[in-house]
Each structure stands twice: as structure tokens, then as C-alpha cells.
1. So what's the projected area for the range 847-924, the Cα convex hull averaged over all directions, in nm²?
2. For ALA61, which sequence-distant residues (separation of 5 or more, or a different chain) have an amide H within less than 5 Å of its own amide H, given hydrogens modelled in the peptide plane?
3. Among 396-407, 983-994, what's the highest-first ranking by average C-beta atoms within 10 angstrom per residue?
4. Once a ≥ b ≥ c are taken as the square roots of the eigenvalues of the Cα gyration tensor of the range 903-988, is the result rounded (a/c under 1.5), prolate (a/b larger than b/c) or oblate (a/b not larger than b/c)?
5. Going by the alpha-carbon gyration tensor, a ≥ b ≥ c the square roots of its eigenvalues, is the range 768-900 rounded (a/c under 1.5) or, if a/c is not under 1.5, prolate (a/b greater than b/c) versus oblate?
6. List the residues whose amide H sits under 5 Å from the amide H of GLY226, counting only those 5 or more places along or on another chain, with H placed 1.01 Å from N in the peptide plane.
7. Provide the net charge surrounding GLN611, with neighbours chosen by a C-beta distance below 11 Å and charges set as Lys +1, Arg +1, Asp -1, Glu -1.
8. Multiplying the sequence separation of ASP462 and GLU64 by 0.36 nm and subtracting their Cα-Cα distance, what value in nm do you get?
Amino acid sequence: MATAVAVLRSLEAPLPQDLPPGTGLMVAPAGWGWAAAPGGPLVLAVRPAESEAQPVLLCAALQEAPGGPELRLGRTLLKQLGLAPGRRVRVWPVRRPPVLGWVLLGAVAGRAPPPRPGGGAGSAVLVRRGESLPGSGLLVLEARPALQGLLGPGTRLAITELRGGNGERKEPTPLMPPLVSGWACPGERWVRAKRRAPALRGGEGAQGETLWVSRGCLRSLGLFQGEWVLVSRGNEEGPGGYPGNGPHLAAVRTLEPPWDSPLRDPEPRRTAAAALEETFLQGEALAPAALAFNLSCDPLEGSLLKIQRYGETTGAEEVKGSRSMLSVPPFAKELHIEIVSSPAYSTTEVYDQILYQHFQTPRLVQVEDILCVPTAGHPEFLEGNSEKFLRWPELYFKVKKIIAAEGRDQSVGYLADTQNTSLFLGGSTNSAVPSFPSQNTHGFWSSLSPAGLCDVVKQLCDILGPYLHSRETLLSGTGSVLLSGPSGIGKMTVVRAACSRLNLHLFKVDCVSLCGDTSGSTEAKLHAAFSQAEVYSPCILLLKDIELLGRERDGIGEDSRVILAIRHLLLDREADTSDGFGVSTCVTLSSYPVLVVGTTSRLGDVPADLQTGFLHEVKMEAPSEEQRKAILGMLAEGLPLGREVSLSKLARQSAGFVLGDFCGLLSHSSRAACTRIQNSSFPGGLTKEEEQDFCAAGFPLLAEDFSVALDKLHDAHSQAVGAPKIPSVFWQDVGGLQDVKKEILDTIQLPLEHPELLSLGLRRSGLLLYGPPGTGKTLLAKAVATECTMTFLSVKGPELINMYVGQSEENVREVFARAQAAAPCIIFFDELDSLAPNRGRSGDSGGVMDRVVSQLLAELDGLHSSQDVFVIGATNRPDLLDPALLRPGRFDKLVYVGVNEDRDSQLRVLGAITRKFKLDPSVSLLSVLDKCPAQLTGADLYALCSDAMMFAIKRKVEWIEEGLDTESSELLLTMDDFVQAAEKLQPSVSEPELLRYKLIRQRFTA
């Protein structure tokens, strides 16, 4: 695929009349060989040169001219795409743009829809989702199978009415240019600055001395583009950062609208410039991480900044007349810097080349500032990276000394470059640094407050923040936190965000690498890890999988020597240094602290003495429905979703999911979308060129793709014991049992729909279904879970019993823990009599069943603290259950599920079973029941239908062999099939058994 980098220019001359609207002009040298698509115009894929975002397809006319390639677009189209003239874009031809099969258009109410676009037969027009249809007042709301493509004669059109306004977008009223004499006045200005995310970087964004404002804010401040100003923090209390709060130089520039693909949001779009203006409140600015850090701004909330034009003195009289030159900081003669010790890179390497390249552009420097030097484009920095993904680290340097040129006055800050400044790189130093959790441009991973995890991040910062202040406080020892939570919940993401909020380094150590062959070896590795963390201070030492330490090699016993060593390092550690003769001397802690965070996915496996060595403990729970929706919304921010995709519905269906599961959900849904498109649009397979062209057009993720992904994840989860899953059994699948349905819904559905009525805590959470086998107890529980949109956790009694001591009780605890994580949830204990028999009569020598019953009773008593977990038990022998289970507060609601004795209930059950069958018109279900015994359970009726189906299949096979029928014809059940099945049907519950169950019912209802 031939690609080229072109420069954007504004199209001044009009295009020929025969070209469609929205067409650009591609000016390229002769001999490029770019041709138009077969039977259509030249279609180009365009996106910014430095971005990997979804490109936009444009029609273009090709013009040969000497010089570099240029893409000329109209001003309206440039503004719509958020692109400015002079920007470099990457373009390549799309030989076979996808032909759209279906397009949904939005029309303004009261207006007659225009005729079908496209003109003559065989003509096609290029359309994009979220933009107006060329030559009409219609808005493209949705397109299939791609986000953009050709609308031709074979495209099916659907038109709907636009609601929520008249559909007209009003352009903002342009501000009149102010008079310079009354505008560029001296004095102080105030602006609230927030730390800038790396996703906004682009173009000039790499300059750390720039204060970014909107155009309206620049006018209100009375400043010129690129003007140097003195910035200082207001009188508000600082966040306790390390640098001082003195004045700092910065250049004020306007932030151009970022590239935002117009294909993400199917709603009517605003222009990128209008969207950018809304991100700025009145008098608000964005500061790069380095500038915000050097000013000691709060990383999350920002700070109020005082701005004064550089070169003016406070209180000076206003100078009359005009001034044509703006003050510029002087160049430094010598610049002395030291590299900051960081685990992201080595301080012993030679960085002359990257520093020379960085200072080829004049950079602002001030004493005690932290300089951030990007390493993108230097592959040597990717070697030895311990992360699983590629990441370009930033080099941090601290300015120690600046010598001005002779004859120059002293200045707050200086400019430094390779032509005017001599650079001296000293040794290494320790310092806090500005950083983001990830240099990834995605908003979730680079956010200081990730959705669904912000409460844990704040809790972690509140615990560790006081240790960063004066070391003379009452807080002695090392600040340590034990962070626990299920695997994949986002513990690493939380620690990264906390590090960035507190301006700390992150030194990650996997405890697997600390485990040695002997206790002494493990202890030595522990001391080495803590000593290495001292080199990177101030930092957070992250001990991943802390439960691996303190255990013997067999994993059963505890290693007391390792546990004592960890407790010593956490509680009363002092920096041990060694003199030249190997004698250990004790020195005081450095002014920069080392904080310790241990993470574990199995809190129960952490030895008790090791757990108490951590001063604080934070437990991460599975996200709630609101948090799941927030996580999904932030992760899917850059994905083109179909209009039918409901994040609220996905959040309800993904109960119990954690951050890792949501990443897998989006990955599986993208694969499902690729498979769907390949099967529907390209059944014969894709060539490489067709695949590239279709990917350039983009494709949306539909609700069916998420359904496929959810099924895959649920199937993967169901391999574990008692994994929660939403069943697919509805009320129409359950015939009869109307009274039982009402009893269950009053117990379960009422507290969910009206929690305010049960605010006193008087609620029932336990329900016991008892009765003969085959009456539909399990089917009822599944139908309740489906109708109430609750996860269903089915547990068979025998599968929880384990041969090891204590393992059975742990399995019971794990079942209830899974249910609380997947709330709202129904726990269904089938064959409850085998799990909770009468204590003292089980007959096992070890008393295992007695302990299981006691554990089950304790867990049932704890359900009152979780409002959205219900327990349903099913048993054929309630007389064998332990009596303590049936007291109020546990299984206090007993519902008898009996045999269908009347014909009406049996007819409803038979109709529910046969509703998916193809029946002959002569079949009368009532006549079938007349030929059956009177006492029938639901399982008996299911066996009747199954036998009738087998007789129909045998008959069809015989007819096919005789040539009287074909395999493609539908299978038809006749009356003869049901009659033959009814003749062989025997009731599964005899009369004496029915009498015994009636006596049991009288006993429990008395």
C-alpha cells in the first residue's frame, strides 16, 4: 500500500462543477500512479501523520504539479475534521472502498425528505457516519457494514425523525478582534490551570514550558500567541510537592483541536473546535506535566495561577504608546544538570546524543526545575523494559546551576540550546518527578482517576500522602499498604495512578524473583530489593504477589526467618550501609521516603504475621453496576459503537466482571465483529488489499458482537466451581405453578424493585423449594434469575465436599464471596439435603459435614449485610435437613412444589414444553393428556414429549429411506406419536410416595 505524507492547504480556487461536494484536491508530482476506484472517483484515506487513529475517507481530484505532495481541502471541511492548514497528514489511496448495504438517515421534523442521492443510475456518493449527506439536509446516523463507504443504487435506506431539537447546528458567533491599545494592558491576570493529559500531545505539545489556553481564553487574558509570561501559584495551600512555589516562566499558546475521528459518535456532531472550547471553562488553562510539577500544582484538581507579562514589573505605570517587541528570556551560557535516578532507565548510560537532539530547539530552564526529555524514536530505551508492553520512558534531569552570558541581567529563567549554551551533565540525584500512569494515549490507562477505581486510588493517596511531608512528624517507620483483590481487578493500575498523583517513582518487584532455594537466599534478595528502592527514592516499592513470601518450599508451612526479615524491613527499617571493610554501619533515612505496597489476589494465603507487618490494608471489591458502566464507557471511548449498543445493559449482564474481564470483553467483541463482517460481506475470503481498504473505512461494534463475547467469557468463567452466570430460562418455559411463582417473586423481586420500602432491614433472603423429584424446582430458580436480571450461581451439594481438612468450609465461603461479587445474585443449592444433613447423625469420623453445616449457617446469617444476594435451596427430603437451617432469617420461606394433578396445570406445562415443536394441526394436547395417567410431574410430561419426538424421528428416517420424504423438510409431530408415547408413560412418583410428601407438607405448614 503506497502511502505518502502530505501538507494540508486551504482550498481557495473552486473545483469543477462535475465533482461531488466535499471533494478535495490532491496535488502530487507526476508518475505517482494513483488511480481512481473502478467506476468511481479517487478515494483517499487521511489521518494525521503522527497518529494511528481511524482515518477518514475523502474524495479527491488528482492534479500533477512539481514539488511536495499537498492535500487541499475547503475551510468548512478542515474545520469539521479538526485539521488546520500546514499540518502534515498521511494519505493513501483506497482502491475498493466498501459499498454500504444499509444506511440510517435522520431528517428534521416537518421537512419532506429529498430524493435519493446519487443522481443517475450506477452513480455512488461517499458518506460517513455522523456527518450530513452531501447535497441534502439528512444526517447519516448509522451505516452497515462499514462506518464510511459508497452509497449506491443497491444501498437500502431508512429515514427516521431527528428528536431533541430542530437538528440545526448553530455556529458560534465570532468574536470581534479587540483593539490592541485597550487590550494588551499590563497588570496581573488569574487563571486556573489543570495538569494536561498525554492524549492531548501533538505538534508543539512536546514543549514542557507551554501553558495551553483556548482562543477565547487568550483574548480574555489580553495576551499574544507565544508570549512569555511569569506564572506563580496563588495564596492557596500547596499539595506538599517537592519543588518551590516561586515564579516560573511559561509561553502562552492556543491549543489546536485534536484529531477526533468523526466516526466514533453516531449522534449529530459538533465541530472539533467547538468541542475543544467546551473543555475549557472560563479562565482555565492546561499545563504540561513538567510545568505543573515545577509550579507545585495539584496533579488532579489543578491550582489557581497568577499570570504577568514577562518584562513588566509589578506596580509599574502603564507605558503610553505602542511597543512592537515582546520580552524574550535570555540565553544561558552554561547549564549544569544531573540525571534523576529512576527504575525506568539507567543513570550510567551516555545520553549525549538524545540531549543534543533535545536542545536543538531552545528550551526554557530554571534552577531546581525538572526537565523531561522524551525518548520516542530511540529503540535502545525499549531494551530491558520489564513491562509486558512497549513503552518509551522519559528521562528526567534536574537543573542544578545556570550561568548567564556576560553583560546580561539576571532572569527568572533562561533559554538553552546547542548554539548558545554549553551543557554539563553531572552525576545522579534523587527527586520526585512528574509522570502519568502510562504514556498510552488511551484515556483510561493514562488517567489519574480511572473510572471505577478512583475511590481506591484516593484511599491509597490519603494513606501514603502524609509520609511525603516532613520526616520529623510522628509517622515513624515505612509507610506500607497491603492491597488485596481478585486477579485482574486493577491493582497495578491503581498503584500507577497513585504514583503519578504523588509524583513518585514506581519500582516493581515480582515476589517470584525473590524466592530463593533457602531462607537465607530469600532474605538476601529482600534486603537487595529494599536497598535498590532507596536508590530510586522517593518511590513506591511494589511487591507483587506478596503471598509467595513467608512460605516453605512445599507451600504448607511458614518460613519464620523470611517473615521476621520482612517485618523488620517494614516496621523498623534503617538504611544499612557498609564501609570498605564490610562492617555494617547504621545511618538515618534519606529525606526522600520509600513507601511499600504489597499486592495479593489470595489474602487468605498471606501468613498472619506477614499481614500484620503492613500498617494499612486496602481491599478492592468487585465493581458495582454503576462502576462497571463507568469502566465500560471509558474503555470503549475510542471505539465506534452501534446505536443499539447499551452500556447500561452490558453493565447489568457483566455482574462479577473486573477490569481484566472488560478488556477481554472488548477484545472478543472486536474479533466477533471481524468474523461477522468476513462471513457476511466476504464469504469467499479477503485479499490483502481488500482487507486494508475495509480497515481504512472502519466498522462498528454491534450488540450481537458483545453478546458473542459475553457468551465466551461466561463459558470461560463457568469452568470454575460455582461460577455466576445469567441463565436463559423464561416464564413461558415454566408451565403451571402459578402460586409458587407468586411466592418466589414476592420474596425476591419486591426488595429489588422497591428497596426504599424495606429500608429497616426486615427482609427475607432464603427460600426453600421442596417436593417430589421432577416437579420443576431447578427450572423455577433459573426463570426467576432471568426475569429479575440476576446472575445465577448453581451449586450442587456434593461438589463442595473435599477430602482435605478445611477445604469444604473454604468452598462454601468461596461460593458466597462469588455471589456478593456478582450481586444481584441468586445462589441455588440443589440437593441441599446432601450438603446440610442433620448434625450429629452424618456418620463421618472427622465431623466434616457438621463443620460444613456450621459454615453454611454462618454465611446465611451474614447475608443481611448484602441486600442483593438471595439463596434458594431445593431438596426432595426436607425432613433430613438440619433444623437450624429452617429457622427465621435463613431458609425461613418454605414453598412446596408438587405434582400437577389438575388438567389445566398439566396443559400449561405441556404447552410450554411443545411451544418450540412443529405440531400437526390434528394434534390436541388435551386429548393427549386424557390418554395419560392422572398424577404427572413436569419431568413426566417432558419424557412424554421426548418419546413422541423419537417416534417422529424414526418415522421420518423410514420415509427418507423409502424415498417418500427429504431431509430438508420440517419434522412434524402427529397425534399418533403422542399416543404411542402415552401408552409407554409411567409416572415417576408413585401413590405411596405422593402420600408421604403430603404428610411432609402438612408437617412443615402446621
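1. Its average projected convex-hull area is 8.8 nm².
2. Amide H to amide H, under 5 Å and 5 or more residues apart or across chains, ALA61 pairs with GLY24, LEU25, MET26.
3. On the way: 396-407: 16.0, 983-994: 13.4.
In descending order of packing, they fall as 396-407, 983-994.
4. Because a/c hits 1.5 or more and a/b exceeds b/c, the range 903-988 counts as prolate.
5. On the way: a/c = 1.72, a/b = 1.20, b/c = 1.44.
Here the range 768-900 falls in the oblate category.
6. Sorted by chain and number, the residues that satisfy this are VAL252, ARG253, THR254.
7. Summing Lys/Arg as +1 and Asp/Glu as -1 gives -3.
8. Answer, rounded to one decimal: 136.9 nm.
A short reminder: the numbers here are calculations on the coordinates, not readings from a lab. No experiment lies behind these values; they were computed from the predicted model shown. For neighbour counting, all protein chains shown are included, and Cβ atoms are generated from backbone atoms with ideal geometry for every residue, glycine included.
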